[in-house]
Amino acid sequence: MLRSVTEQSNYLTPVLVGSAGVCPVCFGAMPASSEQCGNCVDALNRTKGKGQVADVVTPLTYRLGYTSDNQAAHDLRAYKSPRPSSEAQLRLTCLFWYFCGRHLTCVKKRLGISGFTHVAFVPSTRRPGSVHPLQSMLSPMIPLPRAELVLNAGIDPNRRSVHTEWFTAKPVTPVDERPTAVLLIDDTWVSGARAQSAAHCLKNAGAERVATLVLARQVNPDYEPAKPLLAELKGASYDPDSCVWH
């Protein structure tokens, strides 16, 4: 695992923290004068500003652009292609588990919990009725009860804003005396619409805390406010022993 992650560090892009123009919620680009990016503000507004979205968002890396002309972007597409790449699946699995081993404690500390009680995966909106490839890949190794999210196929899969009825879930009930805390997992955060819609659903189903963990936070190089972020990333190296919380 360590060998794989070390090799990936040669091409992975680190996530910026605390820089002007970086959203403190999702770590995406935003105008330097803003307190949060427009998508995160919109998510709160659409859930009536009651905090019914993820309490913590933790991206492992950035994905720059929308093409697959670099290894990181290639893996995020190839692991779930019609003919999935076993090599890409292995690299992403190693990256996920190394992060969990080193940094899941940081996420729990940020969330103010001693441990997660459930795990959930954001369903695929383009493959209704099918299990998301990320869930198939990671779920068997996660020893937590699953909070199952069900897609409402009537919502446009290309939607770029939160929809409070995009998913449904059975009640998230306590497993012991701890507060119900769900680790919500997705591969890529673009606008956050799917992940925040899923987090909203889990909160309404009884989850007291939701932490969203994404393999990559998408950055659009054509977005003008992203240019300072991209400039700061030039020459930056990925350190698998660091995360956005320490």
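The values are calculated or read from the model by the stated rules, or taken from the named source; none is laboratory data. Computed from a prediction, not measured in an experiment: that's the story for all the values here. Don't worry about glycine lacking a Cβ; one is built from the backbone with ideal geometry, like all the others, and counts go over all protein chains shown. Surface areas here come from the heavy atoms of the whole protein model, side chains and all, with no ligands, DNA or RNA. Shrake-Rupley method; radii C 1.70, N 1.55, O 1.52, S 1.80 Å.
Restricted to segment 64-79, and to residues that are charged (D, E, K, R) and open to solvent by 60 Å² or more (accessible area, probe 1.4 Å), which residue is farthest from Leu215 (Cα to Cα)?
Top of the filtered list is Asp69.
In segment 7-35, what residues are open to solvent by 20 Å² or more (accessible area, probe 1.4 Å), more than 17 Å from the chain's Cα centre (by Cα), within 17 Å of Pro228 (Cα to Cα) and of a type outside the set (Gly, Ala, Ser)?
Across segment 7-35, the qualifying residues are Pro31, Glu35.
Of everything in segment 165-187, what is in contact with a helix residue (DSSP H, G or I) (Cβ under 6 Å, 6 or more places away or on another chain) and not aliphatic (A, V, I, L, M)? Give them in sequence order.
Trp166, Phe167, Asp186, Asp187
Count, please, the residues in segment 140-165 that happen to be free of Cβ contacts under 8 Å to residues at least 60 places away in the same chain and in contact with a strand residue (DSSP E or B) (Cβ under 7 Å, 6 or more places away or on another chain).
9
For Val119, state whether it is surrounded by 13 or more Cβ atoms within 10 Å (Cβ to Cβ), more than 18 Å from Lys170 (Cβ to Cβ), among the aliphatic types (A, V, I, L, M) and out of contact with any helix residue (DSSP H, G or I) (no Cβ under 6 Å at 6 or more places or on another chain).
No; evaluated as a whole, the condition is false for this residue.
Kindly check whether there is at least one residue in segment 149-160 that is touching a Leu at 6+ places or on another chain (Cβ under 6 Å) and closer than 29 Å to Ser33 by Cα. If you could, list the steps in order and put the result at the bottom.
Residues of segment 149-160 that are touching a Leu at 6+ places or on another chain (Cβ under 6 Å), as a first pass: none.
The answer is no; no qualifying residue exists.
Could you please give the count of residues in segment 140-159 that are open to solvent by 80 Å² or more (accessible area, probe 1.4 Å) and assigned to a loop (DSSP other than H, G, I, E, B)?
Qualifying residue count for the region: 4.
Going by the conditions given, is His103 within 16 Å of the chain's Cα centre (by Cα) and open to solvent by less than 80 Å² (accessible area, probe 1.4 Å)?
Yes; evaluated as a whole, the condition is true for this residue.
What residue, among those in segment 80-93 that are touching a residue at least 60 places away in the same chain (Cβ under 8 Å) and surrounded by 19 or more Cβ atoms within 10 Å (Cβ to Cβ), is nearest to Thr58 (Cα to Cα)? Before you say what the answer is, go through the steps one by one.
Step one: list which residues in segment 80-93 are touching a residue at least 60 places away in the same chain (Cβ under 8 Å), which gives 80, 90-92.
Cutting the leftovers down to surrounded by 19 or more Cβ atoms within 10 Å (Cβ to Cβ) gives us 80, 91-92.
Numbers: Lys80: 21, Arg91: 19, Leu92: 16 Å.
Going through the qualifying residues, I end up with Leu92.
Give the residues of segment 59-79 that are in contact (Cβ under 8 Å) with a residue 40 or more places away in the chain, more than 17 Å from the chain's Cα centre (by Cα) and part of a helix (DSSP H, G or I), sorted by residue number.
Passing the criteria: only Gln71.
Tell me which strands (runs of 3 or more DSSP E) are completely within segment 160-246 and hold 2 or more residues being open to solvent by less than 20 Å² (accessible area, probe 1.4 Å), or say none if there are none.
Qualifying strands (runs of 3 or more DSSP E): 181-189, 209-219.
Inspect segment 104-122 for any residue being in contact with a strand residue (DSSP E or B) (Cβ under 8 Å, 6 or more places away or on another chain) and farther than 22 Å from Ala181 by Cα and give the result as yes or no.
For segment 104-122, residues in contact with a strand residue (DSSP E or B) (Cβ under 8 Å, 6 or more places away or on another chain) and farther than 22 Å from Ala181 by Cα: absent.
Looking at segment 122-139, I want the residues that are open to solvent by 50 Å² or more (accessible area, probe 1.4 Å) and have a partner that is in a loop (DSSP other than H, G, I, E, B) with Cβ atoms under 7 Å, at least 6 apart or on another chain. Which pairs are those?
Arg126/Pro157; Pro128/Ala153; Ser130/Ser124
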